[in-house]
1. Using θ = phi - 60° and the Karplus form 6.51 cos²θ - 1.76 cosθ + 1.60, what ³J(HN,Hα) does each residue of the range 32-38 get, whole Hz, x for Gly and Pro?
2. In what sequence, highest mean first, do 89-100, 63-74 appear when ranked by Cβ atoms within 10 angstrom?
3. Computed FRET efficiency, Cβ-Cβ of Glu126 and Phe149, R0 25 Å: what is it to the nearest 0.05?
4. Net charge near Phe26, counting Lys/Arg +1 and Asp/Glu -1 over other residues with Cβ under 11 Å of its Cβ?
5. Along the range 68-78, what does the Karplus equation 6.51 cos²θ - 1.76 cosθ + 1.60 (θ = phi - 60°) give for ³J(HN,Hα), rounded to whole Hz, x for Gly and Pro?
6. State whether the range 34-92 is rounded, prolate or oblate according to the following rule on the C-alpha gyration tensor (a ≥ b ≥ c being the square roots of its eigenvalues): a/c under 1.5 gives rounded; otherwise a/b larger than b/c gives prolate, and the remaining case gives oblate.
7. Hey, rough spin-label estimate for Asn30 and Ile169, points 7 angstrom out along Cα→Cβ, what's it come to in nanometres?
8. For the range 96-111, in order, what is each residue's ³J(HN,Hα) by Karplus, 6.51 cos²θ - 1.76 cosθ + 1.60 with θ = phi - 60°, in whole Hz (x at glycine and Pro)?
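Values quoted throughout were computed directly from the atomic coordinates according to the rules given, and no laboratory measurement underlies them. What you see is a predicted model; the values in this text were computed from it and never measured. Note that we place each Cβ from the backbone using ideal geometry, even for glycine, and neighbour counts take in every protein chain shown.
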Amino acid sequence: NKDTVSLVMFRNKKNENSLNPVFKFFALNNFIGTFHSGFQSDIQMKFKEITEESVKYFQKFKSPISMDFLAKKISDMNQTFTQYAYMRPLAVRTVILGIDQESGPQIFKCEPSGFCSSHEICAIGEKESFLDPWILNNATQKLKKSYNFFHSTKAALWILQKILRYKLIQEEIEVIIFSKE
């Protein structure tokens, strides 16, 4: 929806230790952020690639990179690494999220294999399989009623609680919000 004014992302900090994959969020500019899941060194390398692509685009076209173009570039780079033996594919799953000036709020998920998909709601991590069709359908119906900041946040918290299947504690979650408000 082009008139949507907010986008909410939550990260569960409960099970952070050195054996689990790392989850990192980086702001690319005022409108676009990237969220990564994987190994720390691979995440840093992936963010460096994303930043370089964004800067190249800005230098060439004198405007910020669009989210769909950035997602396509990331997917193309990931897919190239799967074809050639000179470098191993980076073990990083990337979510690009933000508010595009032309298209409104968008979320793209890019896999290490080169697959990229657009979402209204998505999850990455060990419990992403719990984001079943019932939760997606129910949450999408809730969000279609109102996309304001309050309803987006409430729906995102409801989804996170349904996926994790335990009561949320304030100290265990991190909230990232993109909003035009």
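1. 10, x, 10, 10, 10, 10, x
2. Values: 89-100: 20.7, 63-74: 18.2.
Result, highest mean first: 89-100, 63-74.
3. On the way: r = 29 Å, r/R0 = 1.15.
The formula returns an efficiency of 0.30 here.
4. Details: positive: Lys24, Lys46, Lys48; negative: none.
Residues near Phe26 contribute +3 overall.
5. Each residue's phi maps through the Karplus curve to give 5, 5, 4, 4, 5, 5, 4, 4, 4, 5, 4 Hz.
6. Details: a/c = 2.19, a/b = 1.61, b/c = 1.36.
Since a/c reaches 1.5 and a/b is larger than b/c, the shape of the range 34-92 is classed as prolate.
7. The modelled label-to-label distance comes out at 3.8 nm.
8. Whole-Hz 3J(HN,Hα) from phi for the range 96-111: 9, 9, x, 10, 6, 5, 9, 9, x, x, 9, 9, 10, 10, 10, 8.
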